[in-house]
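The structure appears right after this line, and notes come after that.
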Amino acid sequence: MTSASTHPEHHRISPVFLGIAAVMAVSGWAVWYGWAEVTGFAVFLFVVSGWLVSLCLHEYAHARSALGAGDLSVADKGYLTLNPLRYTHALLSVVLPVLFVVFGGIGLPGGAVYIDRGRIRGRWKHSLISASGPLTNALFAAVLTAPFWLHGVADVPVAFRCALAFLALLQVTAALLNFLPVPGLDGYGVIEPWLSPQARRQAEPFAPFGLLIVFGCLWIPQVNEVFWNVVDTLLRGLGVSELETYLGLEYFRFWQGEPQNVLLP
């Protein structure tokens, strides 16, 4: 008999994810060769679809690590198919993060998968499950910026170069925000198994508001400045300049007009 964890249907990649990946590939191709009538619109599609791909990979990492730790229920829930429509509250998990990208230019935590923690034994396993999501964002950022830190962007078209830079920025912001030790976010999930039962009970009521707390803190000028300084420092370490991420955002917001006469070193 085939178990839930090994059934092919539970591991088959969803057509929804394949469709999103196809949009990313085609729009990236259009940006590279300049075949889109409006370059910024192609950049917009490339970044949004790329962000959705990273969101799916983020949640898949949570589910896959949970499966390995003993929670076979993630397979039955369809989390291993990379289908974003399988997430808890799909509308809030997918649409809301995309809206933050569109209007805020920042990658906030998105999708949510339900892990049956009662099936998992060992504090390290619980911490790893929580850490696997933002670590996936960090890995995706490293892959996206490989042409930069390998010094291979000289012949890359400017629009595509800037689109990669902006998409990498979203990955870095998502990884940083997710790693914050705030109830409801992955960073808290990493440390939660090591807290006393009393501390966990005290933090539990704040979990539904963790994202709102973080978003509110980013409105504080001093906090916002520190956050973006850290993001810029990390991106510079990956070979991406502030100008490239800025131009990426300008291309992305095609409805405001595209950058003109762009020259990059």
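If you go through segment 125-156 and pick out every residue that is open to solvent by less than 10 Å² (accessible area, probe 1.4 Å), over 10 Å from the mean Cα position of the chain (by Cα) and closer than 19 Å to residue 44 by Cα, you end up with 1. The single condition from (1) modelled with pLDDT under 95; (2) assigned to a helix (DSSP H, G or I); (3) within 30 Å of residue 34 (Cα to Cα) that residue 232 fails is (1). Here's a check for you: in segment 60-101, which residue that is open to solvent by less than 10 Å² (accessible area, probe 1.4 Å) and within 18 Å of residue 140 (Cα to Cα) is modelled with the highest pLDDT? Looking at the filtered set, the residue picked out is 63. The selection criterion, being aromatic (Phe, Trp, Tyr), surrounded by fewer than 16 Cβ atoms within 10 Å (Cβ to Cβ) and assigned to a helix (DSSP H, G or I), does not hold for residue 51. State yes or no: is residue 159 touching a residue at least 60 places away in the same chain (Cβ under 8 Å), over 18 Å from the mean Cα position of the chain (by Cα), part of a helix (DSSP H, G or I) and over 24 Å from residue 57 (Cα atoms)? Considered against the rule, which asks whether it is touching a residue at least 60 places away in the same chain (Cβ under 8 Å), over 18 Å from the mean Cα position of the chain (by Cα), part of a helix (DSSP H, G or I) and over 24 Å from residue 57 (Cα atoms), residue 159 comes out as yes.
Looking across segment 97-131, the residues that are part of a helix (DSSP H, G or I), within 22 Å of residue 208 (Cβ to Cβ) and in contact with an Asp or Glu (Cβ under 9 Å, 6 or more places away or on another chain) come down to 117, 118, 126, 127, 129, 130, 131. Looking at the structure I just gave you, is residue 200 in contact with an Asp or Glu (Cβ under 7 Å, 6 or more places away or on another chain), in a helix (DSSP H, G or I) and open to solvent by less than 60 Å² (accessible area, probe 1.4 Å)? Considered against the rule, which asks whether it is in contact with an Asp or Glu (Cβ under 7 Å, 6 or more places away or on another chain), in a helix (DSSP H, G or I) and open to solvent by less than 60 Å² (accessible area, probe 1.4 Å), residue 200 comes out as no.
Among the residues making up segment 27-48, those that are aromatic (Phe, Trp, Tyr) and assigned to a helix (DSSP H, G or I) are 29, 32, 33, 41, 44, 46.
List every residue pair whose Cβ atoms lie under 6 Å apart, where the two residues are 6 or more positions apart in sequence or sit on different chains, the first residue falls within segment 167-196 and is without any contact (Cβ under 8 Å) to a residue 40 or more places away in the chain, and the second residue, located anywhere, is hydroxyl-bearing (Ser, Thr, Tyr). Short answer, once both residue conditions are applied: 181/188; 182/188. Has segment 175-183 got at least one residue that is within 21 Å of residue 264 (Cβ to Cβ), surrounded by 18 or more Cβ atoms within 10 Å (Cβ to Cβ) and in contact with a helix residue (DSSP H, G or I) (Cβ under 7 Å, 6 or more places away or on another chain)? No, the conditions are met nowhere in segment 175-183. One residue stands out in segment 216-248 among those that are aliphatic (A, V, I, L, M) and farther than 18 Å from residue 153 by Cβ: the one that is nearest to the chain's Cα centre (by Cα), namely 231.
Note on segment 8-19: residues that are at pLDDT 95 or above and aliphatic (A, V, I, L, M) total 1.
The values are calculated or read from the model by the stated rules, or taken from the named source; none is laboratory data. What you are looking at is a predicted structure, and each value in this text was computed from that prediction instead of being measured. All Cβ positions, even for glycine, are placed from backbone atoms using ideal geometry, and neighbour counts span all protein chains on display. Just the protein is used for accessible areas: all its heavy atoms, side chains included, with ligands, DNA and RNA removed. Shrake-Rupley method; radii C 1.70, N 1.55, O 1.52, S 1.80 Å.
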